[in-house]
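The next block holds one structure in the form of C-alpha cells; read it before the comments.
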Amino acid sequence: MKTKLTINIYHITFVAILLTMTACKKEERTLNNLQIKSLDSIATIDVPNNAPGVAVGIVMDGNIVYEKYAGYADLKDSTFIDYESRFNIASNGKQFTALAILSLIEEGKVTLNDDIRTFFPKLFPKVESNITIAHLLNHTSGIRDVYDLWGLKGITWWEHTYDNDDVLNLLRKQNDLNFEPGSKYSYSNSNYMVLAEIVEKASGSNFIDYTNQMFQDLNMPNTSFTGNYKTIDGPIAKPYLNFDTWFGYDWIWNAYGDGNIFSTLQDQLEFEKILQTKKNKRFSKELLEQSQSLLPNSKNKKYGYGVEFMKHQKIPYKYHGGSTGAWKAITARFEKQNFSIVTLTNSGKTDPMTQTLNSANVLMNLKADSEDIRLTPEKVGPYVSIKDVVGVYEINGYIWELEERNGDLYLLRSGRNDMKLIREADNIFQQWNDAPFKQEFTKNEKGEMQVSAYYPNTPNFTMTRKDIDLKGFDYKAINGSFLNEETGVSFSVKYDAGLNYEITNGENKMKAIILSRDELVINDYDYRIRVEKNKDNLVSDIFLTSGRIQNVRFSRIK
C-alpha cells in the first residue's frame, strides 16, 4: 500500500520533470502584425490588379511562419495563385540534382573525383586533364554553357524542343574548354545537365524516376523535373511577360538537370523545414549538412552543391536563383538566424531578388541596403569638350562608346538605342530625354579620362577610357574569314574606319570596336574577340568570349 509520503514524492518528481521539459523547450518565434504587414507589402509591390503574381513563404526554426499568395496563375480562366500552383523554379532545381549525386555518393556508386569520361568516353577526348564530378557541381569544369553555344549558332533555344540527348550531342562536338578544370569558376548550365545523365548511368534508373522517388522521400509530392513538356500536370502558374500588355507563351522545353523542374511553394517550404531540422528518413543529418557546404579542397568559395554563398549587408547567407522567361524563383537561407525565404513568380515584371532581401531586412530589423547612391555629381569640374571625351570606356567587361555626330555627343551601349547626350555643366552631361541619367567626365590620378554614371536606384559606377597606342598598327591585318569547327559558325572581319570593324555572320552584320592591338569588342552582342598571330606574325586565329563561353577558337579559312 502506497503511503501519502510516497505519493507526494511521485507528484513532486513529475512536476520537476515537467518544469524541466518546459524550460528546455525553445520558445517558437512568430511574426508580429507589423512584420506581417511589411512582408505583405513587399510581396505584392509588383502585383497590380488583373496580373500574374507571386507565392512567398518563410520557414523559421523549422516551422512555416509566413505564406502569401497574390495574382493570377492563369489570366484566361481567372485562376488565382494558391498553395497548389506549380511554378517552373528553373535553376533552383540544381540543388536537387546535386542532392541526387550526394545520395549516390553515400550509396558508394560514384565519388567526387570520378572523371566524367568514365560515364561518357566521347566527351572532350582532346582534354587531358581530369574533369570530375566535383568540377561539375561547383562550376569549375570549364565546360561551355550549351545555351550560349546555341546562341552563337543563331539558335533561340526556347523556341525548340531540345532534350538531354541534344545537349550531349552539342558537347561532343566541343574540342576545348573555357579553361583548365579546377582553375576558375564559371557558371554553366551544361554542368548540371551532364550531372543528370551521370545520375542515370550510376543509378541504372531514369533521372526523373530517381528524383521523383527522392521528392516523395522529402515529402515533396508536387515537385518533378520534366523531360516531356506534354506531360506536365497539376495547376500550373503560367508565365506572363509584359510589353504594354500581358501575354503568355507556350513552354516546349525537354532538357533537365540544370532546371526545368516544377514545384509548389508548399513543397519548397517543406524542403526548408528539412534543412533546418536535419530530419528526414532517407537523408542523414550528415548528408543534409554536406548539401549546404562548400566542396572539400576546392578553391572555389562561391558555389557548393547547387547553392551559392553570398552576403547581404555583411551577413552571410546561402542562395540560389532561377529564371527562365517570366518564371523566377529565389531561395535565401540565413542559417545563423535560422530562417529561409522562398519567392516564386510567374510575372516578368517582378524583382524577386530585391523582394526577398527586403523581406530579410524585416525579419532581421535592418534598414534598406546602406550603400550610398548619389543622384548627381558632388561638384562641377573643369570644362571638357566633346572631342576630349569621345572614345571607348570599360569597367569589368562592360563597354560604353562615346561618339561625336555633327557636333553632338552620343552614347552607344550594348542592347540599347544610340542616345544623344546634352551638356548640363562644364563636365556634366545628361540624357536628352531622361535628365536624371547623368554622366560626369573627370581624370583619374594617372591622367586617364573616366566617366561616372548617376541614376536613381542604381549604384554609381565609373568607367575608364581605353587609350591605346595604335601608331604603326596594321588595321587590315585581321581582315578575312574565320571558322569554328565545333559549331560550324563562321565570321568575316573587315576594317571599316577609325576604331571600327564590320563583322559579318551570314546576313547578320555587326559593328566591332578595337580595344587594344589584339582585342576587339562586338558591343551589341557582348562578344569579345582576341587576336592570335602565328610565327610569321600573321593573324591565324581569333578567340571569341561571351558570357559563359570563353576562348572559342575561330581559325582563318580565307
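Within the range 314-339, the residues that satisfy the criterion of being crowded, with 17+ Cβ neighbours inside 10 Å and under 15 Å from LEU275 (Cβ atoms) are TYR317, LYS318, TYR319, HIS320, THR331, ALA332, ARG333, PHE334, PHE339.
What do you reckon, is LEU520 out of contact with any helix residue (DSSP H, G or I) (no Cβ under 6 Å at 6 or more places or on another chain), part of a strand (DSSP E or B) and either of a type in the set (Asp, Glu) or modelled with pLDDT of 90 or more (or both)? Write out each step before concluding.
On the way: out of contact with any helix residue (DSSP H, G or I) (no Cβ under 6 Å at 6 or more places or on another chain): yes; part of a strand (DSSP E or B): yes; either of a type in the set (Asp, Glu) or modelled with pLDDT of 90 or more (or both): yes.
Criteria met by LEU520.
Kindly check whether there is at least one residue in the range 302-319 that is touching a helix residue (DSSP H, G or I) at 6+ places or on another chain (Cβ under 6 Å) and either over 25 Å from VAL65 (Cα atoms) or outside the structural domain of PHE80 (by TED's automatic domain parsing) (or both). Checked the range 302-319: at least one residue is touching a helix residue (DSSP H, G or I) at 6+ places or on another chain (Cβ under 6 Å) and either over 25 Å from VAL65 (Cα atoms) or outside the structural domain of PHE80 (by TED's automatic domain parsing) (or both).
Restricting to the range 270-289, what's the tally of residues that are in contact with a Gly (Cβ under 7 Å, 6 or more places away or on another chain) and surrounded by 22 or more Cβ atoms within 10 Å (Cβ to Cβ)? Count: 0. Is it true that some residue in the range 36-45 is in contact with a Phe, Trp or Tyr (Cβ under 8 Å, 6 or more places away or on another chain), in a helix (DSSP H, G or I) and modelled with pLDDT of 95 or more? The answer is yes; a qualifying residue exists. Going by the structure shown, is GLU440 outside any loop (DSSP other than H, G, I, E, B), modelled with pLDDT of 95 or more and out of contact with any Phe, Trp or Tyr (no Cβ under 8 Å at 6 or more places or on another chain)? The answer is no for GLU440. Restrict the check to the range 214-227 and report whether at least one residue is crowded, with 19+ Cβ neighbours inside 10 Å and part of a helix (DSSP H, G or I). Within the range 214-227 (the criterion being crowded, with 19+ Cβ neighbours inside 10 Å and part of a helix (DSSP H, G or I)), the answer is yes, since at least one residue qualifies.
Checking LYS367, LYS379, LYS387, LYS311 one by one, the residue that is in a strand (DSSP E or B) and loosely packed, with under 15 Cβ neighbours inside 10 Å is LYS311 and no other. For ASN460, the requirement of being assigned by TED's automatic domain parsing to the domain that holds LEU412, surrounded by 13 or more Cβ atoms within 10 Å (Cβ to Cβ) and either more than 30 Å from the chain's Cα centre (by Cα) or touching a residue at least 24 places away in the same chain (Cβ under 8 Å) (or both) is met. ARG465 - would you say it is in contact (Cβ under 8 Å) with a residue 24 or more places away in the chain and closer than 30 Å to VAL380 by Cβ? Yes, satisfied. Picking from VAL489, VAL392, which residue would you name as being surrounded by 15 or more Cβ atoms within 10 Å (Cβ to Cβ) and touching a helix residue (DSSP H, G or I) at 6+ places or on another chain (Cβ under 7 Å)? It is VAL489.
Applying the criterion of being without any contact (Cβ under 8 Å) to a residue 12 or more places away in the chain and not in a strand (DSSP E or B) to the residues of the range 470-497, the residue that is farthest from THR442 (Cα to Cα) is ASP474. At pLDDT below 95, over 27 Å from LYS273 (Cβ atoms) and not hydrophobic (A, V, I, L, M, F, W, C) - does that describe any residue in the range 12-30? Yes: the range 12-30 contains one or more residues that are at pLDDT below 95, over 27 Å from LYS273 (Cβ atoms) and not hydrophobic (A, V, I, L, M, F, W, C).
The residue list LEU152, LEU168 contains one member that is out of contact with any Gly (no Cβ under 6 Å at 6 or more places or on another chain) and modelled with pLDDT of 95 or more, which is LEU168.
The values are calculated or read from the model by the stated rules, or taken from the named source; none is laboratory data. Computed from a predicted model, the values in this text were never measured in an experiment. Here the Cβ is made from the backbone with ideal geometry for all residues, glycine too, and neighbour counts use every protein chain on show.
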